[in-house]
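One structure follows; several queries about it will come next.
The values are calculated or read from the model by the stated rules, or taken from the named source; none is laboratory data. Model, not experiment: these values are computed from the prediction. Virtual Cβ from ideal backbone geometry, glycine too; neighbours counted across all protein chains shown. Ligands, DNA and RNA are stripped out before the accessible areas are found, and what is left, the full protein with its side chains, is counted by its heavy atoms. Shrake-Rupley method; radii C 1.70, N 1.55, O 1.52, S 1.80 Å.
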Amino acid sequence: MPSSFLPKTFKKNNAPTAFVVFGGTGDLAQTKLLPALLDLFIRGALPDSFVVIGLSRKPLSDAEYQAFMKESVYRKGHNHEETVVNDFCSHLRYVSGSFAEIESYEKIKTALQEFDDSIKQCTNKLFYLAVPPQYYEDIFEHLHSSQAMKLCDNVGSWSRLLVEKPFGRDLETAQVLEKKLCSLFADEQIYRIDHYLAKNAVENIISLRFANSIIADSWKKEQIESIAIKLFETKDVSNRGSFYDAIGTLRDVGQNHMLQIFALLTMAPSDIHNPQALRQARAKALENLLDQKLDEVVRGQYEGFSETTGVAPESQTETYFKLSFISKDELWKGVRVTLEAGKALNQQINEAVVTFRPIDTCHCGSSDEIHEHRNVLRIQFAPTQNMRLSMWVKKPGFDFVLEEKEFELANEESNDVNSPEAYERVLFDCITGDQTRFVSGAEVESSWRFITPILESFSELPLLKYKVGSTGPDTNL
């Protein structure tokens, strides 16, 4: 049994739990889920009795699956002792089958029952859909018809379903999927994942806004000039050409990550310790987007994208977009909002930038010349997570001359080294039944109501080409 890293305030659900991972040999399972479960195991955050059941097409035995995942864990860079990794892997089981065949769900039920029988107790059950969205409806239907999520209802155990983004392709498909999901399962069983909500830097938006009077008093339209959210990558689509050609950048990061950050930056004050209240506040902020009128829409594609394996030769899929508007929302009227994201750019920028208005008159220099000195808050989400605020201070010397200095408010490098990663938080929250870091159905629908008309208008806009390693499309052409 691993030693515990848990703080005294840490409360885990120690009821025996079974994890079923659809797509158990896929990239997400290998790179995120199993390593996250291993880290939770080492922290002592998993129940004492648990099993992880992977479902995929590959014909593997339990031992082969354990060896496969052990190799994946080490390939990710974990340096844990082999005995600890072996101990964790001994909890892994495997079922070979198709998501579309009801027989696979009977095999899952058998594996679940065997675990329950081995510990002589009925377990909680967590079903994780680490699969492409086109499989969602089949899995929803078969999980319901097989009653795999009802195996222990009579003894008060829970069953929960974790669904990855993207949730739908547009408003219509999202509504169909949501209707199906909600007709088959109870709301408290559904956990829609956007792992950005579990990032420390993203959560720090909440603490910054609502736990600091100096910021809270300035967080309003009278004091803030603009809000910009940027997700820039230097990487191209690599070997994900087929996947990316089907969705594009706006669906990939705009509809989910960026709008969730926007919601946290602009939502009205609420009870941040109440999951339902916080999710309602985020949903309301996204609903307010529906009244906005974009005054700038740019879409671009880096040169060579259409030559990528899996991409159509005449592809019109965007690898870059920029959306901008001046808010009409009563809370933020007059504030400029910009959302911008792209691949194969010259630098990696993953941040929100809040620019405060300058004071009306500022005789800040050595003469009577009036200067505009703006304070700027930068919240960086990747590759490192930090928060910095620029302030104006006097330069040393005889003259009264100002210079801009950045004050570091938070930095992940200075945080507790045992701070959990986003997927650890997501899994742990689902085990404990906390939906705060998960997206509600109302949030999904409002975000698609905003994004879908933009997607529909893309065919009428020029697809601007840009060079790999550049700043993006030249909008002056």
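Sequence-distant or interchain residues sharing an amide H contact under 5 Å with Arg160, placed H: which?
Close amide H contacts, sequence-distant or interchain: Lys125, Leu126, Phe127.
Further question: From the phi angles alone, apply the Karplus equation (6.51, -1.76, 1.60; θ = phi - 60°) to segment 244-250 and give each ³J(HN,Hα) in whole Hz, x where the residue is Gly or Pro.
6, 4, 7, 10, x, 5, 5
How far is helix 62-75 tilted, in degrees, relative to the longest principal axis of the Cα atoms in the chain, given as a value from 0 to 90 rounded to the nearest 10?
20 degrees
What is the magnitude of the charge dipole of segment 12-116 about its Cα centre, with +1 placed on the Cβ of each Lys and Arg, -1 on the Cβ of each Asp and Glu, and no other charges, expressed in debye to the nearest 20?
For segment 12-116, the charge dipole is close to 300 debye.
If amide hydrogens are placed 1.01 Å from N in the peptide plane, which non-local residues have theirs closer than 5 Å to the one on Ser98?
Ser104
Calculate the dipole size of segment 120-217 relative to its Cα centre from +1 charges on Lys and Arg beta carbons and -1 charges on Asp and Glu beta carbons; express the result in debye to the nearest 20. Kindly include the intermediate steps, with their values, before the conclusion.
On the way: 11 positive and 13 negative charges, 69 e Å.
Taking the Cα centre of segment 120-217 as origin, the dipole is about 340 debye.
Loop by DSSP (not H, G, I, E, B), at most 14 other beta-carbon atoms within 10 Å: where is the longest site-free stretch of the chain for GluC sites (Glu not before Pro)? Can you show the working numbers first?
Values: sites that count: Glu81, Glu101, Glu222, Glu303, Glu314, Glu330, Glu369, Glu372.
Answer from the scan: 102-221.
Could you work out [θ]222 nm for the chain from helices alone, using -39500 (n - 2.57) per DSSP H run of at least four and dividing by all its residues? Round to the nearest 500 deg cm²/dmol.
Result for the chain, helices only: -9500 deg cm²/dmol.
Name the shape class, rounded, prolate or oblate, that the alpha-carbon gyration tensor gives for segment 133-204, where a ≥ b ≥ c are the square roots of its eigenvalues, rounded holds for a/c under 1.5, and otherwise prolate holds if a/b is larger than b/c and oblate otherwise.
oblate
Can I ask one more? Once fully extended, how much extra length lies between Gln113 and Gln189, figured as 0.36 nm per residue of separation less the alpha-carbon to alpha-carbon distance? It would help to have the intermediate numbers written out before the result.
On the way: separation 76, 0.36 × 76 = 27.36 nm, distance 2.04 nm.
Gain on extension, Gln113 to Gln189, equals 25.3 nm.
Could you tell me the distance between the Cα centroids of segment 169-224 and segment 403-477, to the nearest Å?
When both Cα centres are located, 11 Å separates them.
Largest first, what is the accessible-area ranking of Cys152, Cys182 with a 1.4 Å probe?
Cys182, Cys152
At a 1.4 Å probe radius, which order do Phe325, Phe243, Phe68 fall into by accessible area, largest first?
Output order, biggest surface exposure first: Phe243, Phe68, Phe325.
Residues of segment 249-290: accessible area per residue at 1.4 Å, in Å²?
33 Å²
Here is a follow-up. Restricting to bridges with both residues inside the chain, how much of the DSSP beta-bridge set is antiparallel, in percent to the nearest 5?
55 percent
In whole Hz, with x marking every Gly and Pro, tabulate ³J(HN,Hα) for segment 16-27 from phi via Karplus 6.51 cos²θ - 1.76 cosθ + 1.60, θ = phi - 60°.
For segment 16-27, the Karplus curve yields x, 9, 10, 10, 10, 10, 6, x, x, 10, x, 4 Hz.
Then there is this: Between Asn79 and His273, take the C-beta separation as r, use R0 = 45 Å, and let me know the FRET efficiency to the nearest 0.05.
The value I calculate is 0.80.
Given a 1.4 Å probe and heavy atoms of the protein chains only, how would you sort Thr384, Thr110, Thr249, largest accessible area at the top?
On the way: Thr384 40, Thr110 75, Thr249 5 Å².
Descending accessible area places them as Thr110, Thr384, Thr249.
While we're on this one: Which is farthest toward the positive dipole end of the chain among Ile229, Ala268, Tyr466, measuring Cα position about the Cα centre, with Cβ charges +1 (Lys, Arg) and -1 (Asp, Glu)?
Farthest towards the positive end: Ala268.
Per residue, what accessible area does segment 3-151 have, given a 1.4 Å probe and all protein chains present, in Å²?
Accessible area per residue: 45 Å².
In nm, give the distance between the simple-model label positions of Thr309 and Ala216, each being 7 Å from the Cα along the Cα-to-Cβ direction.
5.5 nm
Now for a different question. Among the lysines, select those whose C-alpha is under 29 Å from the C-alpha of Lys395, and discard any that sit fewer than 8 residues away in the same chain.
Lys405
So which of Lys109/Lys199; Lys293/Lys467; Lys235/Lys322 end up more than 27 Å apart by C-alpha?
Over 27 Å apart, Cα to Cα: Lys109/Lys199; Lys293/Lys467.
Please list, in order along segment 50-58, the HN-Hα scalar couplings obtained from phi with the Karplus expression 6.51 cos²θ - 1.76 cosθ + 1.60 (θ = phi - 60°), rounded to whole Hz, x for Gly and Pro.
Per residue, the Karplus-derived 3J(HN,Hα) values read 8, 9, 10, 10, x, 10, 7, 6, 4 Hz.
Follow-up. Using the Cα centre of the chain as the reference point, and only Cβ charges (+1 on K/R, -1 on D/E), how large is the resulting charge dipole? Debye, rounded to the nearest 20.
Dipole magnitude for the chain comes out near 460 debye.
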